[in-house]
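One structure is given here, and the rest of the page talks about it.
The values are calculated or read from the model by the stated rules, or taken from the named source; none is laboratory data. Quick caveat, the model's predicted, so the values are computed rather than measured. Heads up, the Cβs are rebuilt from the backbone with ideal geometry, glycines too, and the neighbour counts pull from every protein chain shown.
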Amino acid sequence: MKLWKRLNESEFKAVFGDSQKFFGRYVVLFVSKATSRKVGFVASKKVGNAVKRNRARRLMREAFLRVEPEIDSNKSYILVARNTIGSAKMWDVYEDLKKLLEKVK
């Protein structure tokens, strides 16, 4: 069951403007109370070509789905891929995201 909605453009700006940043090895996590139960995934051209960016977003989405039961639903999250995500496996991204979410609490 899909409980989280994607952020639209104006919500992205609101979350980026009013957020806390947490830096991991593969992901930068932005957490904001501007909206609730919204999530966004970003992979810039620094990550690589379109194939690598899409893989990075898929990895982040899958890791987010696995940690979803443990996170606060009154906040919005943006996950930004770092260029080191290219060589990562899904479990690496999952562990990185889990460590970042422990810092949020």
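Looking across V31, V27, V39, one residue alone is at pLDDT 95 or above and touching a helix residue (DSSP H, G or I) at 6+ places or on another chain (Cβ under 9 Å). It is V27. Cβ separations smaller than 7 Å between residues 6+ apart or across chains give the following pairs from the range 68-97 residues that are closer than 12 Å to A43 by Cβ and at pLDDT 90 or above to residues that are among the small types (G, A, S) and in a loop (DSSP other than H, G, I, E, B): A81/A43. Scanning the range 18-33 for residues that are in a loop (DSSP other than H, G, I, E, B) and surrounded by fewer than 19 Cβ atoms within 10 Å (Cβ to Cβ) yields D18, S19, R25, K33. Residues in the range 75-105 that are surrounded by fewer than 20 Cβ atoms within 10 Å (Cβ to Cβ), closer than 22 Å to F12 by Cβ and either touching a Ser or Thr at 6+ places or on another chain (Cβ under 6 Å) or among the aliphatic types (A, V, I, L, M) (or both): L101, V104. When the range 37-68 is filtered for residues that are of a type outside the set (S, T, N, Q), over 13 Å from the mean Cα position of the chain (by Cα), in a helix (DSSP H, G or I) and surrounded by 13 or more Cβ atoms within 10 Å (Cβ to Cβ), the ones remaining, listed by number, are K52, R53, R55.
For F12, the requirement of being surrounded by 17 or more Cβ atoms within 10 Å (Cβ to Cβ) and outside any helix (DSSP H, G or I) is not met.
Against the numbered list (1) over 13 Å from the mean Cα position of the chain (by Cα); (2) assigned to a helix (DSSP H, G or I), N74 comes up short only at (2). Contact annotation: residue pairs with Cβ atoms under 7 Å, 6 or more positions apart or on different chains, pairing a residue in the range 39-55 that is under 22 Å from W4 (Cα atoms) with a partner that is loosely packed, with under 12 Cβ neighbours inside 10 Å, are V39/R6; G40/R6.
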